[in-house]
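Enquirer: Before we start, here is the structure in question, set down as structure tokens.
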Amino acid sequence: MHKRLSIVVPCLNEEKAVPIFCTEMKSELKKLQEQFEKLEYEIIFVDDGSTDETLHVIKTVDMPNVKYVSFSRNFGKEAALYAGFQKAEGDYVVTMDVDLQDPPGLLGEMLHAVIEEGYDSAATRRVNRIGEPPVRSFLARMFYKLINRLSDIEVVDGARDYRIMTRRMVDAILAIPERNRFTKGIYGWVGFKTKWIEFENVERSVGETKWSFTKLFIYALDGIMAYSTVPLSFATVIGIFMSFLSAAAILFIVVRKLLIGDPTSGWASMICVILFLGGMQMFALGIIGQYLAKTYLEAKRRPVYIIKEETAADD
Ligand code: UDP
Ligand code: MG
């Protein structure tokens, strides 16, 4: 029986990386086709609104079974992955970065896990972050700690998006209609048996990372908010705590008044308390506002991405 593998590759301004990726994949796919009989493949490049020649380079790659989808603007990697999954026709779907930070050499082991070992998914995680700025690694670790604490899904530290999935898992992911897509969370949420494959961090083949600090920070916040409502109960917790505190303070004042009268005490401390409470209220309101905004955006039911052009269907 023929088995078909779809390879989904999101690209943002990767004109230099695409040819390197293709050369590498050609030799890797040859090996795979020897290892797994009757393995067919398709590569789906998703051009996430690149402003350089990426689309042109993709169109002219010298490789069979290449498809592409090009967005009207940058919609983000999450949207690109979603589009790729929708276009993928294979029995197995794998996503990988174009910069070769997801070593193609692992594909054999990943395919083996889903074809022979009965897993629905094989995912990869980096065991170290060599070559990354230490601040970024530290913040990333904090993020994983926080999201795993606050939500009931498990997001594995160091997990890459580099992952192979069976058709039924991909269909489960496609059935999730939410707009604000935090793929790392979605993988965990849909469940299924996943095999974890570890590897050492590989540095980018060419070019710069497309994730600025702000982009990563927003991504982290989105992730936490998409999978946890714990921050929403923050106001309640603070409220309860403050009520107890003020009850104790009132008791203290009454007792003091009865025992030693009421010497005029400074109003500075009072202002401090008022400011503190005001700040807490603003903070809590901000959190509520964030969730409301997310709900608002979901309610608009806007598409996750807009296609500018793609390979003709009969290609
Ligand atoms: N990418 C994308 N849209 C974006 C950001 C990144 O399609 O808005 C792609 C990028 O071209 C690459 C992959 O996602 O193939 C991973 O990005 P990058 O290598 O910049 O991230 P890092 O490996 O540094 O986390
Ligand atoms: Mg990368």
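Just so you know, all these numbers are worked out from the coordinates, no wet-lab data involved. Remember, it's a predicted structure, so these values are computed and weren't measured experimentally. For neighbour counting, all protein chains shown are included, and Cβ atoms are generated from backbone atoms with ideal geometry for every residue, glycine included.
Enquirer: What are the residues in segment 107-131 that are of a type in the set (A, V, I, L, M, F, W, C) and crowded, with 20+ Cβ neighbours inside 10 Å, if any? Walk me through it before giving the result.
Expert: Restricting attention to segment 107-131, the residues satisfying the condition of being of a type in the set (A, V, I, L, M, F, W, C) are 107, 110-111, 113-115, 122-123, 127, 130.
Answer for segment 107-131, where residues must be of a type in the set (A, V, I, L, M, F, W, C) and crowded, with 20+ Cβ neighbours inside 10 Å: Leu107, Met110, Leu111, Ala113, Val114, Ala122, Ala123.
Enquirer: For Ala123, work out the one condition from (1) under 30 Å from Phe234 (Cβ atoms); (2) not in a helix (DSSP H, G or I) it doesn't fulfil.
Expert: Failing condition for Ala123: (1).
Enquirer: In a helix (DSSP H, G or I), closer than 30 Å to Asn180 by Cβ and within 16 Å of ligand 2 (Cβ to nearest atom): does that describe Tyr296?
Expert: no
Enquirer: Something else now. Suppose we keep only residues that are in a helix (DSSP H, G or I) and in contact (Cβ under 8 Å) with a residue 60 or more places away in the chain within segment 169-199. Which one would you say is surrounded by the fewest Cβ atoms within 10 Å (Cβ to Cβ)?
Expert: Applying the filter and picking the extreme gives Leu174.
Enquirer: Of everything in segment 200-229, what is within 16 Å of ligand 2 (Cβ to nearest atom), in contact with a Gly (Cβ under 9 Å, 6 or more places away or on another chain) and either in a helix (DSSP H, G or I) or not aliphatic (A, V, I, L, M) (or both)? Give them in sequence order.
Expert: Selection gives Asn201, Glu203, Arg204, Lys215, Tyr219.
Enquirer: Could you check how many residues of segment 13-58 are within 23 Å of Leu106 (Cβ to Cβ) and under 23 Å from the mean Cα position of the chain (by Cα)?
Expert: Qualifying residue count for the region: 8.
Enquirer: Can you tell me which residues in segment 108-126 are within 16 Å of ligand 1 (Cβ to nearest atom) and either within 13 Å of Met165 (Cα to Cα) or among the hydrophobic types (A, V, I, L, M, F, W, C) (or both)?
Expert: Within segment 108-126, Ala123, Thr124 meet the criteria.
Enquirer: Okay, next question. Test each condition in (1) surrounded by fewer than 18 Cβ atoms within 10 Å (Cβ to Cβ); (2) touching a Leu at 6+ places or on another chain (Cβ under 7 Å); (3) touching a residue at least 12 places away in the same chain (Cβ under 8 Å) for Phe21 and report the one that comes out false.
Expert: (1)
Enquirer: While we're here: More than 16 Å from ligand 2 (Cβ to nearest atom) and free of Cβ contacts under 8 Å to residues at least 40 places away in the same chain: is that true of Glu89 in this structure?
Expert: no
Enquirer: Okay, next question. Out of all the residues in segment 126-148, is one or more outside any helix (DSSP H, G or I), within 15 Å of ligand 2 (Cβ to nearest atom) and in contact with a strand residue (DSSP E or B) (Cβ under 6 Å, 6 or more places away or on another chain)?
Expert: No, the conditions are met nowhere in segment 126-148.
Enquirer: Still on this model: Just checking: which of the strands (runs of 3 or more DSSP E) contained wholly in segment 1-112 hold 3 or more residues that are closer than 17 Å to Val170 by Cβ?
Expert: So the answer is 3-11, 39-47, 92-95.
Enquirer: Can I ask one more? Which one of these does Asp161 not meet: (1) part of a strand (DSSP E or B); (2) under 17 Å from the mean Cα position of the chain (by Cα); (3) surrounded by fewer than 18 Cβ atoms within 10 Å (Cβ to Cβ); (4) among the acidic types (Asp, Glu)?
Expert: (3) is the only condition that Asp161 fails.
Enquirer: Provide a single number: the residues in segment 1-60 that are among the polar types (S, T, N, Q), over 22 Å from Ile164 (Cα atoms) and touching a helix residue (DSSP H, G or I) at 6+ places or on another chain (Cβ under 7 Å).
Expert: The total comes to 2.
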